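Notes follow the structure.
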Amino acid sequence: MQTKRCRFCHQPVSIYAQVCRHCGRSLVPSSVPKRRERLRRRSIPPASPQPIGYHAGLHPEDQPYLSSPFLVPPLATGEEAGAEQLASSAARSDKAEPQPMHLESQEVWPFPARIQRGGSSRAEEILAPGSSSHRRNLLPRALLVLFLVALAMSAALSYLFFARRWSVATLTPSLTVIPRQLHFNESLTLVGKGFGAGDLLALQRDGTIPLRDARGQPLRVQANAIGAFALQVTVTPDWQPGEHQLLVVDETQLLSIATTITVLPSTSTPPQLRLSDYSVDLGADLPGTTTRLAITLLNAGGGQLSWRASSDRSWLQVDPVSGSFVGSEVVTLVAQRGELAAGNYTAHVTFVQQAGEQGKTTQVLAVTMTVLGSSATLSIAPASLSYTASSGTQAPLRQTVALQNHSQQALDWSSQVSTNAGGAWLQVTPSAGHLEAGASITLSVTVSPASLSAGSYQGTVLFENRSGLGDEPQLMVSLHVVAPGRLALTPSALSFTTAQGQNPAPQSLTLQNSGGLTLSWSLTSSTGDNRQWLGATPTAGTLAPGGRATVSVQVNAAGLVPGSYQGRLIFSAGSLRQEITVALTVQTPAVPTITVGPTILIFDVPHGTTPAAQTVTITNDGQAPLNWTITADKSDPPLQITPASGGPLAPGQNTTVSIAPVLSQVPANTSLSLTLTVAERDPDLASLVAPQQVLVLIAVI
């Protein structure tokens, strides 16, 4: 078995272990980068057979004296200077006892406080500059110098390390998710920035639910050197349809950041191609310019949708020209004015969906564009705007356009608004002004749908140069007022009937958005007896205009006694609220009934003879199958019962049982009685089915 050592107690453990079985500490790598961990880790030298104070690599003569304390001489240039210093030191210290100094594992004593004047040959040897004690004095100093150098280097490395991490950590963390709407088993890309360099990040959803990798382990990702990461996450079927929160937790920096996605409910309808717009205007511009506009392809059904596109004009291309998607896809229209003459142009882009056996489905997009002449002074971009609002919406809707002066001199301009309905629902701000040569201004175009009923409305804004020179560009505005999202439920009530201890089959509810805007809904359930016997899936979702969804309603009747129960399913969609009543009836379970006849059997048998067998009829008079068994209360004398193992009986059916006593061992003039019991074999029904008995009387003459 492969092993590794615990970084705390240094005991061997399995290489796959996450917790040390010796000291109980976690073996999961921390979020501290390896370089920082090496700086914090305490070095533990290997055990050595040498005594304390031994220094590897030194010549034996240079090893410290280990058997007793040694003397540290003062610094001196010669023997006489050393003797004078020695004498003055002895005079100052008087009779003070020497105090030990502990240096690592050696004991270093100061110079003896009391030495006879004149010294001795041993003292002179110690004071000699070339003596071995002088060489031993250099070792602590060398160790001290090495320690100070190492400390300085550590401080410098720590400064560089933390300064670098601080510069990364001060960035504001951010998350980007693409796409934000997807179905089950589809993948999203999650990109994070601004985290700590090398930090280990935990990924969670909806609070504390960990995201898991392909092996089922909690998903973690390590930020790179600039504190960023990118990974793909697959939406598994255990996610519920609706809005979900994705959370990234940086345990090192003690921070977290979240973003949201929407999981769309599964649908059994085939893929269906739709366009976000069926007519677009690329505005007006001078020859030689290129205009790009993004449009969205929608899949109003389910599954994968494949498409291709083609244009009927050479000046208009689509990028890309084909593809496949599930929810939506963005394509770009590219218009190249090139050498086109001044005027208005129209093109059509045909999007073709390959729909298998149902043939091909096409959607056509109309594209308009204006090429300005050399005499043009004013242009508006874009040249058309489209608004969609719900009826009763009070807040105005705003978009912006750019008005540009293409002439070589300043001009004054004004605008004039007209609508087909004659109402004042369209405004432009500012409505007039002054433009320098080559300058442009951004205008706010506002529509107010509060007083409008459902329908389509058209408006025009005419811009003119007050000098009367050049063309007069127009801005076309369309407003679509639609009914708000409405949730229609079918059926309006549900009813379940079941026997006690059994669950009925689920039933379905159909949800439909009959309005003109996308509708988000949620579902809760309640019961009159406050028991949790009513449930439904899914509990939330989103419906496009005209979209449908199916909700499965389940009943758990376990633990419910026979009777009637009431519950409610409450659907909420914005400020709207609808209820579906659910009735549950729990009935007493059907049980079998045992009928036996005759109930008394009499055997008068001469001694030494074998009696003839008699029969008993067992009938099931109940409403459920009977699984019967027959037993005797005594084993002496034995009875021959055929069949002896019992068997099943359907309601209304009967069977015959043959009974004969065995009397070979019974003496003459003996009377005997036995009782046979017919009962239900199933223990769940035994308490509900009354057993029946047959009395057997035997007389041996």
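Observations on the structure shown:
- Sequence-ordered 3J(HN,Hα) estimates for region 480-496 from the Karplus curve with 6.51, -1.76 and 1.60 and θ = phi - 60° stand at 10, 9, 10, 5, x, x, 10, 9, 10, 10, 9, x, 8, 8, 10, 9, 10 Hz, glycine and proline given as x.
- Remark on Gly485: its backbone amide H falls under 5 Å from those of Gly516, Leu517, a criterion applied only to residues 5 or more positions apart or on other chains, H modelled at 1.01 Å from N.
- Shape of region 174-263 from the C-alpha gyration tensor: prolate (a/c of 1.5 or more and a/b above b/c, with a ≥ b ≥ c the square roots of its eigenvalues).
- Scattering curve values for region 511-669, log₁₀ I(q)/I(0), Debye with Cα scatterers, q = 0.09, 0.18, 0.20 Å⁻¹: -0.59, -1.07, -1.18
- Under the simplified labelling scheme, the Gln245-Ala342 pair shows an inter-label distance of 5.9 nm, with each label point 7 Å from Cα along Cα→Cβ.
- Restricting the calculation to alpha carbons of region 398-459 gives Rg and Dmax of 14.4, 46 angstrom.
- Amide proton proximity set for Arg313, modelled H, under 5 Å, gap of 5+: His348
- Normalised by the number of residues in region 598-701, the average gap of Cα pairs under 8 Å and 6 or more apart makes the relative contact order 38 percent.
- Under the Debye formula (equal points on every Cα, no solvent term), log10 I(q)/I(0) of region 621-701 at q = 0.19, 0.23 Å⁻¹: -0.85, -1.09
- Order of Trp239, Trp533, Trp307 - criterion: other Cβ atoms within 10 Å of each residue's Cβ, fewest first: Trp239, Trp533, Trp307
- Ala686-Thr550 FRET efficiency (beta carbon distance; Förster radius 35 Å; 0.05 resolution): 0.25
- Distances between placed amide hydrogens fall under 5 Å for Leu201 paired with Val221, Gln222, Ala223, all partners being 5 or more residues away or on another chain.
- The phi torsions of region 415-421, fed into the Karplus equation with coefficients 6.51, -1.76 and 1.60 and a -60° offset, translate into couplings of 9, 9, 9, 9, 10, 6, 8 Hz, rounded to whole numbers, with Gly and Pro shown as x.
- Couplings 3J(HN,Hα) of region 341-347, computed from phi: 6, 4, x, 9, 10, 9, 9 Hz, in residue order, whole Hz [Karplus 6.51 cos²θ - 1.76 cosθ + 1.60, θ = phi - 60°; x for Gly and Pro].
- Per-peptide packing, taken as the mean over residues of other Cβ atoms within 10 Å, places 188-196, 433-441 in the sequence 188-196, 433-441 from highest down.
- Alpha carbon convex hull of region 375-482, projected area averaged over orientations, nm²: 6.2 nm²
- Using C-alpha pairs below 8 Å separated by at least 6 residues, the relative contact order for region 174-263 is 37 percent.
- Between Glu436 and Thr260, the contour length at 0.36 nm per residue exceeds the alpha carbon distance by 58.8 nm.
Throughout, read-outs are computed from the coordinates displayed, never taken from laboratory work. Note that the coordinates shown come from a computational prediction; the quantities given were computed from them, not determined experimentally. Quick reminder, even Gly has a Cβ in these numbers, built from the backbone with ideal geometry, and neighbours come from all protein chains shown.
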